[in-house]
Amino acid sequence: MEMLITRQGSTGKQEIENMLYHYNLRHFPEDLHNRYEELNLYLQDEQNVIRGGLLAEICWNWLEIHTLMVDEELRHNGYGHKLLEEAERIARQKECDFIKVDTLSFQALSFYEKQGYKVYGRLEGVGREFEPYYL
């Protein structure tokens, strides 16, 4: 059988993600099956304009934070902490064993460290002068 390599939109992406999910299910303990859930929290102003948020997913026994963003003019007012605190509360409620997140050196490394997160890895030379940190 001959196969072609193509570029598809989100339909193909979803198919690949589903294939990986089902493959992984065969290897994870039964009690962790059906433990996938998006967790998206939004920071909205009085006009319901989104000014920040936290985009994550609960996957088996952890919470993975993909994005935590607060509008620059609202930073240093505790909103990032409140978003993270709510995500952590939900992770505990959902019986997650750990939370993982990554950030670039110019983004929020010190913020996460102040919240008690520990670096377990980093890469050098990404974007030439920046380093991604894994917490």
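Quick rundown of the values:
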| item | result |
| --- | --- |
| Of all residues making up the range 77-135, the number that are open to solvent by 70 Å² or more (accessible area, probe 1.4 Å), among the hydrophobic types (A, V, I, L, M, F, W, C) and under 14 Å from the mean Cα position of the chain (by Cα) | 1 |
| Residue under evaluation Ile90, criteria (1) among the hydrophobic types (A, V, I, L, M, F, W, C); (2) under 27 Å from Val126 (Cβ atoms); (3) modelled with pLDDT of 90 or more; (4) part of a helix (DSSP H, G or I), criterion not met | (2) |
| Lone qualifier among Leu55, Leu123, Leu68 - being in contact with a His (Cβ under 7 Å, 6 or more places away or on another chain) and either without any contact (Cβ under 8 Å) to a residue 60 or more places away in the chain or within 15 Å of Leu39 (Cβ to Cβ) (or both) | Leu55 |
| Qualifying positions in the range 29-61 - charged (D, E, K, R) and either open to solvent by less than 40 Å² (accessible area, probe 1.4 Å) or under 14 Å from the mean Cα position of the chain (by Cα) (or both) | Glu37, Glu38, Asp45, Glu57 |
| From Gly116, Gly80, residue being part of a loop (DSSP other than H, G, I, E, B) and free of Cβ contacts under 8 Å to residues at least 40 places away in the same chain | Gly116 |
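The values are calculated or read from the model by the stated rules, or taken from the named source; none is laboratory data. Everything numeric here is computed off the predicted structure, so don't read it as measured data. Cβ sites come from the backbone with ideal geometry, for glycine too, and all protein chains shown count toward neighbours. Accessible surface areas use protein heavy atoms only, side chains included; no ligands, DNA or RNA. Shrake-Rupley method; radii C 1.70, N 1.55, O 1.52, S 1.80 Å.
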